[in-house]
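**Student:** First the structure, which I've put down as structure tokens, then a few questions once you've had a look.
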Amino acid sequence: MGVYVLGIAGASGAPYARRVLEQMLVGGHEVKLVISDAGRKVIDVEEGLVLTGNTETDTPSILEWSQSTSSVGSLQMYHHKDVAAPIASGSFPIDGMAVVPCSGGTLGRIAHGVSNGLLERAADVCLKERRRLVLVPREMPLSLIHLRNMTAVTEAGAIVLPASPGFYHGPTQIDDLIDMVAGRILSILGINSSLMKPWTGPEESSHSGRELL
């Protein structure tokens, strides 16, 4: 199984992070988790989970939140200012990293090599070591600064994966949309999951004969 870093920054989209974390752990992977202060606030607002910032006491809460308490994987949380953590060094081997969600500020710091915390430093390590880095912004509209930063990180080797769920798979509930984005993140990281079925062509449905006006 693999070793993956998961960063959670201060943008809307905490449910995506929860689903990705759950699937990583259920799949038996080793997860290194870093949550920024703003990320903790977003988790509180969107998911009702209050974290203290103390990784030792927050770990059981995160496992319960991700519904992965019986998973076969393992979770190690690091404080976002712990720049002495193993994932801050390129000598520590990992298989990939995702920042879900990735705020505009975090995107900008990664794009310009400004590592003022562990999350950005771990991303910087992925770029310099040519490891897979997936950044998941959830922002609209996008400013020219955002677009230029996305170009910069793409040129540096990262993959920008906007949290933009599709509708061709016939979603019937919010979880279906969450699963589609989470499934794409996992797929890009090389992690197998059952969250999103690959496109195999259109199927006959009640929409096929509808007249378009």
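**Student:** I'm checking my understanding of the structure. Among residues of the stretch 26-41 that are in a helix (DSSP H, G or I) and at pLDDT 95 or above, which one is farthest from Gly7 (Cα to Cα)?
**Tutor:** Within the stretch 26-41, the match that is farthest from Gly7 (Cα to Cα) is Lys41.
**Student:** Between residues in the stretch 182-204 that are assigned to a loop (DSSP other than H, G, I, E, B) and residues that are at pLDDT 90 or above and among the aliphatic types (A, V, I, L, M), which pairs lie under 7 Å by C-beta distance while being six or more apart or on different chains?
**Tutor:** If the second residue must be at pLDDT 90 or above and among the aliphatic types (A, V, I, L, M), the pairs left are Ile191/Met24; Ser193/Leu186; Leu195/Ala182; Leu195/Leu186; Met196/Met180.
**Student:** Condition (residue is over 16 Å from Gly157 (Cα atoms), more than 15 Å from the chain's Cα centre (by Cα) and of a type outside the set (D, E, K, R)) applied to the stretch 98-108: is it met by at least one residue?
**Tutor:** Yes, the stretch 98-108 contains at least one residue that is over 16 Å from Gly157 (Cα atoms), more than 15 Å from the chain's Cα centre (by Cα) and of a type outside the set (D, E, K, R).
**Student:** Give the residues of the stretch 14-68 that are of a type outside the set (D, E, K, R) and under 15 Å from Ser103 (Cα atoms), sorted by residue number.
**Tutor:** Within the stretch 14-68, Ala14, Pro15, Tyr16, Ala17, Val34, Ile35, Ser36, Ala38, Gly39, Val42, Ile43 meet the criteria.
**Student:** Considering only the stretch 38-60, state which residues are under 22 Å from Cys126 (Cβ atoms) and surrounded by fewer than 22 Cβ atoms within 10 Å (Cβ to Cβ). Steps first, answer last, please.
**Tutor:** Step one: filter the stretch 38-60 for residues under 22 Å from Cys126 (Cβ atoms), giving 38-39, 55.
Residues satisfying the conditions are Ala38, Thr55.
**Student:** Can you find a residue in the stretch 122-132 that is surrounded by 20 or more Cβ atoms within 10 Å (Cβ to Cβ), of a type in the set (Lys, Arg) and either closer than 19 Å to Asp37 by Cβ or out of contact with any Leu (no Cβ under 7 Å at 6 or more places or on another chain) (or both)?
**Tutor:** No: the stretch 122-132 contains no residue that is surrounded by 20 or more Cβ atoms within 10 Å (Cβ to Cβ), of a type in the set (Lys, Arg) and either closer than 19 Å to Asp37 by Cβ or out of contact with any Leu (no Cβ under 7 Å at 6 or more places or on another chain) (or both).
**Student:** Could you please give the count of residues in the stretch 147-170 that are over 16 Å from Arg130 (Cβ atoms) and among the hydrophobic types (A, V, I, L, M, F, W, C)?
**Tutor:** Going through the stretch 147-170 one residue at a time, the tally reaches 7.
**Student:** Starting from the stretch 10-33, take each residue that is surrounded by 20 or more Cβ atoms within 10 Å (Cβ to Cβ) and list its partners that are basic (Lys, Arg), counting only C-beta distances under 6 angstrom and pairs at least six apart or across chains.
**Tutor:** Between residues of the stretch 10-33 that are surrounded by 20 or more Cβ atoms within 10 Å (Cβ to Cβ) and residues that are basic (Lys, Arg), the close pairs are Ala11/Arg138; Gly13/Arg138.
**Student:** Sticking with this one: With the requirement that a residue be crowded, with 16+ Cβ neighbours inside 10 Å, more than 17 Å from Val134 (Cα to Cα) and at pLDDT 95 or above, what does the stretch 171-209 give you?
**Tutor:** Leu177
**Student:** Given the structure, is Glu120 among the acidic types (Asp, Glu) and either free of Cβ contacts under 8 Å to residues at least 12 places away in the same chain or more than 26 Å from Phe92 (Cβ to Cβ) (or both)?
**Tutor:** Judged against the criteria, Glu120 is not a match.
The values are calculated or read from the model by the stated rules, or taken from the named source; none is laboratory data. What you see is a predicted model, and the numbers here were worked out from it, not measured in a lab. Cβ atoms come from the backbone with ideal geometry, glycine included; neighbour counts cover every protein chain shown.
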